[in-house]
Amino acid sequence: MSVGIVNGQTPKQVKKVVNTNAKQFAKEGWTLDGTGTFKYVLTAHYEGLSAEGAFELVGNATDKRSINLAKSVARNNVINEYVEYARSMVRARINTDLKDLNEVQQENFVAGYERIVVKELEGAIQPSFHMYKKNEKGTYDLRGFYLVNEERAAAINKKALQQAADEMGIARKYADEVSEFVNDGINNLKQ
């Protein structure tokens, strides 16, 4: 579930979205993890989204024994979602443009790329806020809202592609071609 902000909205429109989402979250029984109000954290979240080159990913965790465990699961879900999206773009580009690589080389290239992205991605994905519900069983459901720095993520993707290509001895031009495609895909992800 996204909080539904579109870049280019007027301050009045943003305020309306903040108020609507704050009321909806409270009505659904969500509680903020941390201090502040829904209006406050949503306003700060929208300011982060309106910053140049940021987009939102939302991670969910259900039926977890603790809020901290739920946060870890939600964060891992966000990272996995991002990596899966990027991996599928890399795979598609390889299948269309790098036909001279055999299947094993393709899989090794994608696996090397994915390993490097997961390792490096930590700094590009920042938590904005978390909200949770306590279930009747005493477990927690949690939604974590994260901001992704597009510029940093694109740099990580390019680095990962180049390292994967270097590790396999594939010409750097392949990594550059795939990198361009991935950067285009990141722009689609944030829309």
Given the conditions (1) of a type in the set (A, V, I, L, M); (2) under 26 Å from ILE156 (Cβ atoms); (3) surrounded by 17 or more Cβ atoms within 10 Å (Cβ to Cβ); (4) over 17 Å from the mean Cα position of the chain (by Cα), and given that VAL41 satisfies all but one, which numbered condition is not satisfied? (2)
Any residue at all in segment 136-143 that's more than 28 Å from ASN60 (Cβ to Cβ) and either modelled with pLDDT of 70 or more or surrounded by fewer than 20 Cβ atoms within 10 Å (Cβ to Cβ) (or both)? no
State all residues of segment 117-131 that are in a helix (DSSP H, G or I) and of a type outside the set (Lys, Arg); if no residue qualifies, say none. VAL117, VAL118, GLU120, LEU121, GLU122, GLY123, ALA124
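Which one of these is over 15 Å from PHE55 (Cβ atoms) and at pLDDT 85 or above: VAL90, VAL178, VAL117?
Among VAL90, VAL178, VAL117, only VAL117 is over 15 Å from PHE55 (Cβ atoms) and at pLDDT 85 or above.
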Taking the residues in segment 95-106 that are out of contact with any helix residue (DSSP H, G or I) (no Cβ under 8 Å at 6 or more places or on another chain) and in a loop (DSSP other than H, G, I, E, B) as candidates, determine which candidate is nearest to ALA154 (Cα to Cα). LYS99
Which condition does LYS23 not pass, out of (1) assigned to a helix (DSSP H, G or I); (2) in contact with a strand residue (DSSP E or B) (Cβ under 8 Å, 6 or more places away or on another chain); (3) farther than 30 Å from LEU161 by Cβ, if it passes all the others? (2)
Being in contact with a Phe, Trp or Tyr (Cβ under 7 Å, 6 or more places away or on another chain) and surrounded by fewer than 18 Cβ atoms within 10 Å (Cβ to Cβ) is the filter here, so list the residues in segment 44-65 that pass it. VAL58
With (1) within 21 Å of LEU161 (Cβ to Cβ); (2) outside any helix (DSSP H, G or I) as the list, and GLU114 as the residue in question, which single condition is left unmet? (2)
Report, by residue number, each residue of segment 45-94 that is among the aromatic types (Phe, Trp, Tyr) and either more than 19 Å from VAL118 (Cβ to Cβ) or not in a helix (DSSP H, G or I) (or both). TYR46, PHE55
Determine whether segment 132-155 contains at least one residue that is part of a helix (DSSP H, G or I) and polar (S, T, N, Q). no
So, in segment 144-157, exactly how many residues are surrounded by 20 or more Cβ atoms within 10 Å (Cβ to Cβ) and either among the charged types (D, E, K, R) or farther than 21 Å from THR35 by Cα (or both)? 4
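The values are calculated or read from the model by the stated rules, or taken from the named source; none is laboratory data. Keep in mind the model is a prediction, meaning the values are calculated, not measured. Neighbour counts are summed over all protein chains in view; Cβ atoms, including those assigned to glycine, are modelled from backbone coordinates with ideal geometry.
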